[in-house]
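Since the structure comes first, as structure tokens, the remarks are kept for the end.
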Amino acid sequence: MNIMNEINRRQLKKSVPGFRAGDTVCVFSKVKEGEKERVQAFEGVVVARKGSSNTETFTVRKVSYGVGVERIFLLNSPMIEKIEVKQQGEVRRAKLYYLRGLSGRAARIEEKLAETEIETAAPEQSKEVH
Amino acid sequence: MLGLLGKKLGMTQVFNEAGEPLSVTVVQAGPCPVVRQKTKAKDGYDAVCLGFDPVTKEKRISKPEAGVYKKAGVKPLKFMKEFKPAKNEGFEVGKDVTVSIFKKGDIVDVKGVTKGRGFQGVIKRCGKAGGPAAHGSKFHRTTGSVGMRTWPGRVLAGTGMAGQMGNVNRTIKNLKVVDIDSEKNLLFLRGAVPGSKNSVVVVSSRAL
């Protein structure tokens, strides 16, 4: 099994930004059109991360002209040039399939505040209580 | 037909040049030392005997077997197989045959023993539908009718019935060699291969 692990590890990308479900990402993937190759951007909310190691995938959802579009990307695919994390979302679930049933404001995910901001905000509140 | 004996290591996913993911089986094939070379003059036909996987303890093989390996001047091996290559030359007893006989894009056949599933019923073994589970049904997973009436008066050959499933020799034909790692003797074959992990398979090419 050692060899299999090594084969799998060899295919992992060296620099993949850390992101989880609820984050808004922009995925730049290569698209081949005949002879030419260009880069296509797909921006949306990460709905799920599935699988592990070299076969890991993630699903990005966006609403385009009123139609929900979901695209599944292979995390370690050479066709993905870059993944940009635009915003971290505050969610309590690993899979956000419930977004499919929601629209408009209900489908909005709140931005996750940086941990330092929460820490500084918390003591002030406790003082007020006392 | 020339091939190699190997060990199935498992399945995984690799990307090809176009960036498409491919499901592949990794087989550690060879190195297979030539144990014996048969010739038309001496044996009546041309063939080459390749061995695989050295034994851990020499007492595990019988004395007649040990004699064969001693004569060839190779370490005692667990497995041996005879191939009839298109060109019966360039082989030397005692020398290894490696994955270098294959190249990327080759089409190969893989023979192995499938995973044993024991005594199985018709639903799993033959793909029959079975009956309803509830609503007063008494026909669940049994075989049911296996034929007609006085005519033909017998059960037709090939009718699916319960019995031993798996643990039989199977050959998967026309698998593509996606990649080769000659350093570690690895073959990356597109698709599935019979057997469990660490089971012995024979990878051969009809063109060689």
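Out of the strands (runs of 3 or more DSSP E) lying entirely within segment B:152-191, which hold 3 or more residues that are closer than 27 Å to B:Gln28 by Cβ and either touching a residue at least 24 places away in the same chain (Cβ under 8 Å) or assigned by TED's automatic domain parsing to the domain that holds B:Pro21 (or both)? Spell out the reasoning first.
On the way: elements: B:163-165, B:169-181, B:186-190.
Result: B:169-181, B:186-190.
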* Could you list all residues from segment B:65-123 that are small (Gly, Ala, Ser), closer than 24 Å to B:Arg190 by Cα and loosely packed, with under 13 Cβ neighbours inside 10 Å? => B:Ser100, B:Gly105, B:Gly116
* To do: Only one of these is within 26 Å of B:Met80 (Cβ to Cβ) and either surrounded by fewer than 13 Cβ atoms within 10 Å (Cβ to Cβ) or among the aromatic types (Phe, Trp, Tyr) (or both): B:Asn185, B:Asn169. Name it.
  => B:Asn169
* Asked: Do the conditions hold for A:Ala21, that is, is it part of a strand (DSSP E or B) and closer than 29 Å to A:Ile7 by Cα?
  -> no
* **Answer residue from segment B:18-36, given it is within 26 Å of B:Asn88 (Cβ to Cβ) and of a type in the set (Gly, Ala, Ser) and is nearest to the other protein chains (Cβ to nearest Cβ) among those** => B:Ala29
* Asked: When A:Val25 is evaluated against the numbered criteria (1) of a type in the set (Val, Ile, Thr); (2) surrounded by 14 or more Cβ atoms within 10 Å (Cβ to Cβ); (3) more than 20 Å from B:Gly19 (Cβ to Cβ), which criterion, by number, is the only one it fails?
  -> (3)
* To do: Kindly indicate whether any position in segment B:113-125 is assigned to a loop (DSSP other than H, G, I, E, B), under 30 Å from B:Gly3 (Cα atoms), in the same structural domain as B:Gly6 (by TED's automatic domain parsing) and of a type in the set (A, V, I, L, M, F, W, C).
  => no
* Just one of the numbered conditions (1) closer than 14 Å to B:Val178 by Cα; (2) more than 14 Å from every other protein chain (Cβ to nearest Cβ); (3) in a strand (DSSP E or B); (4) not aromatic (Phe, Trp, Tyr) is not true of B:Lys103; which one? -> (3)
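Identify, from the list A:Glu33, A:Glu81, A:Glu56, the residue that is within 14 Å of chain B (Cβ to nearest Cβ), free of Cβ contacts under 8 Å to residues at least 12 places away in the same chain, of a type in the set (Asp, Glu) and closer than 19 Å to B:Glu20 by Cα. So that I can check it myself, show each step before the final result.
Working: A:Glu81 fails: free of Cβ contacts under 8 Å to residues at least 12 places away in the same chain; A:Glu56 fails: free of Cβ contacts under 8 Å to residues at least 12 places away in the same chain.
Exactly one of A:Glu33, A:Glu81, A:Glu56 is within 14 Å of chain B (Cβ to nearest Cβ), free of Cβ contacts under 8 Å to residues at least 12 places away in the same chain, of a type in the set (Asp, Glu) and closer than 19 Å to B:Glu20 by Cα, namely A:Glu33.
The values are calculated or read from the model by the stated rules, or taken from the named source; none is laboratory data. Computed from a prediction, not measured in an experiment: that's the story for all the values here. No Cβ is skipped: glycine too gets one built from the backbone with ideal geometry, and neighbour counts run over all protein chains shown.
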